[in-house]
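First comes the structure, then the notes that go with it.
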Amino acid sequence: MTEHARAEEHGTLAELLLERPPMARELPGFATDRLPANPAELFGEWLTGAFHAGVLDPQVVTLSTVDTDGCPDARVLVLRGLDVPGAGWVFAADADSAKGRQLAARPGAAISVYWPLLGQQVRVRGVVEAASAEDSAVDFLDRSPWSRAASLVGHQSEPLSSLDAYDSAAREARQRLEADPKLVAPGHTVYTLRAREVEFWQGDASRRHVRVHYTRNEVGAAPSAWSRTLLWP
Ligand SMILES: Cc1cc2nc3c(=O)[nH]c(=O)nc-3n(C[C@H](O)[C@H](O)[C@H](O)COP(=O)(O)O)c2cc1C
């Protein structure tokens, strides 16, 4: 279909942006009178709700980091777990990737996610901790053979000469794994973003968006560790 024919049938981009405002549908309410003391508990409730509501891949979140020049960077990745008492958002990555190097130099980071079906956004800011090599190895060995082979290929975000070059490196990685099933990709690392602040944002078609912001007061899992407030939308 030509660009002109597509525009005739579906509208131009300018028309689409104008005619299809986001969140123009019925969205869930946000009962702010009975919120958990710990924001990770509320995130777990929202994420479970997103799965049950049929949100596609709700565990895919955006991780934002900062490079040594202070320039922000962001990419999506899969959330591997949630440490509720420690308010930790857990993910895995290669320590030798751009994000791994950025985190080693500047561990301050943010995770954000938006679930369009529910009009819900969550923003988390804090400091990232790397797990020990032993714990990271356990996570690696728990993965599917395809995932392990992909990690073993390495060179993430480096220029690739051709897709054939990737296929041959992936083949070699699978052979190495077959020969040694306990092999662990050297840079594979489990990271935990320890939240210092978390914001929950519930969108509303009439723009009466509801925002709740949690701030950490003290280390630990006591209810007093967090305070929360509503924010103007
Ligand atoms: C749906 C989806 C899931 C992804 N999951 C991960 C992941 O769990 N870990 C990861 O390192 N990269 C993941 N990626 C790839 C990252 O977005 C990114 O391209 C890669 O990690 C390189 O980023 P960097 O150069 O900033 O380090 C995923 C990408 C998509 C689209």
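Roughly speaking, what is the stretch gain from Arg143 to Tyr166, that is 0.36 nm per residue apart minus the C-alpha to C-alpha distance, in nm to one decimal?
Numbers: separation 23, 0.36 × 23 = 8.28 nm, distance 2.02 nm.
Stretched out fully, the Arg143 to Tyr166 stretch lengthens by 6.3 nm.
State, as an integer percentage, the relative contact order of the chain based on alpha-carbon contacts under 8 Å between residues 6 or more apart. Don't skip to the end; give the middle numbers.
Working: 379 pairs, mean separation 50.4, N = 233.
RCO, the chain: 22 percent.
Calculate the dipole size of segment 1-102 relative to its Cα centre from +1 charges on Lys and Arg beta carbons and -1 charges on Asp and Glu beta carbons; express the result in debye to the nearest 20. Mind dumping the intermediate values first?
Working: 8 positive and 16 negative charges, 52 e Å.
Computed charge dipole of segment 1-102: roughly 260 debye.
With the Cα gyration tensor of segment 1-107 giving a ≥ b ≥ c as the square roots of its eigenvalues, does the rule (a/c under 1.5 for rounded; else a/b larger than b/c for prolate; else oblate) give rounded, prolate or oblate? It would help to have the intermediate numbers written out before the result.
Values: a/c = 2.54, a/b = 1.29, b/c = 1.97.
In terms of gyration-tensor shape, oblate.
Starting from segment 92-183, pick out the trypsin sites (Lys or Arg not before Pro) whose DSSP state is loop and whose Cβ has at most 13 other Cβ atoms within 10 Å. Show your work: numbers first, answer last.
Details: sites: Lys99, Arg101, Arg123, Arg125, Arg143, Arg148, Arg171, Arg174, Arg176, Lys182; in loops: Arg143, Lys182.
When the trypsin sites (Lys or Arg not before Pro) of segment 92-183 are filtered for loop state and at most 13 Cβ neighbours within 10 Å, Lys182 remain.
How high is the FRET efficiency between Ala14 and Arg207 when r is their beta carbon distance and R₀ equals 25 Å, given to the nearest 0.05? Please report the intermediate quantities before stating the final value.
On the way: r = 22 Å, r/R0 = 0.89.
After rounding to 0.05, the efficiency reads 0.65.
Rounded, prolate or oblate, given the Cα gyration tensor of the chain, with a/c below 1.5 counting as rounded?
Numbers: a/c = 2.08, a/b = 1.20, b/c = 1.73.
Oblate, since a/c reaches 1.5 and b/c is not below a/b.
Could you run the Karplus curve 6.51 cos²θ - 1.76 cosθ + 1.60 with θ = phi - 60° over segment 167-181 and give me ³J(HN,Hα) per residue in whole Hz, x for Gly and Pro?
4, 6, 5, 5, 4, 5, 5, 5, 5, 5, 5, 5, 6, 9, x
Once every Cα of segment 63-184 carries one equal point scatterer and solvent is ignored, give the base-10 log of I(q)/I(0) from the Debye formula at q = 0.12, 0.17 Å⁻¹, two decimals.
Those come out to -0.56, -1.03, one per q.
With 10 angstrom as the radius, rank Tyr191, Tyr114 by how many other C-beta atoms surround their C-beta, starting from the fewest. Don't skip to the end; give the middle numbers.
On the way: Tyr191 24, Tyr114 17.
Fewest-to-most ranking of Tyr191, Tyr114: Tyr114, Tyr191.
Defining a contact as two alpha carbons under 8 Å apart and six or more residues distant in sequence, what relative contact order in percent does segment 116-228 show? Intermediate results must be reported in sequence, preceding the final value.
Working: 141 pairs, mean separation 41.1, N = 113.
It comes to 36 percent, rounded to a whole number.
Could you tell me how far the Cα centroid of segment 106-155 sits from the Cα centroid of segment 37-89, in Å?
9
At 7 Å along the Cα-to-beta-carbon direction for both Glu158 and His4, put a label point, then send me their distance in nm to one decimal.
Taking the two extended label points, one gets 4.8 nm.
List the residues, sorted by chain then number, that are 5 or more residues from Asp83 or on another chain and whose placed amide H is less than 5 Å from its amide H.
Gly88, Trp89, Val90
Among Gln121, Gln59, Gln156, which one shows the highest mean-square fluctuation when the chain is modelled as a Gaussian network with alpha-carbon springs under 10 Å?
Highest fluctuation of the listed residues: Gln156.
Over the chain, with a Gaussian network built from C-alpha contacts below 10 Å, which listed residue (Pro36, Pro159, Pro85) shows the highest mean-square fluctuation?
Pro159
Which whole-angstrom value gives the distance between the alpha carbon centres of segment 1-34 and segment 219-233?
Taking the Cα centre of each part, segment 1-34 and segment 219-233 sit 34 Å apart.
Under the rule of at least 5 residues apart or a separate chain, name every residue whose amide H is placed under 5 Å from the amide H of Gly126.
Amide H neighbours of Gly126: Ala109, Arg196.
Using 7 Å Cα-to-Cβ label points, what is the Ala24/Cys71 separation (nm, one decimal)?
3.8
Taking 2.2 N^0.38 Å as the expected size of a compact globular protein, what ratio does the Cα radius of gyration of segment 118-233 give against it, to two decimals? Each step should come with its number before you reach the end.
Working: Rg = 21.2 Å, N = 116, 2.2 N^0.38 = 13.4 Å.
Taking the Cα Rg and dividing by 2.2 N^0.38 Å, one obtains 1.58.
Every read-out reported here was derived from the displayed coordinates using simple, explicitly stated rules and does not represent laboratory data. Computed from a predicted model, the values in this text were never measured in an experiment. Using ideal geometry, Cβ is built from the backbone for each residue, glycine included, and neighbour counts are taken over all protein chains shown.
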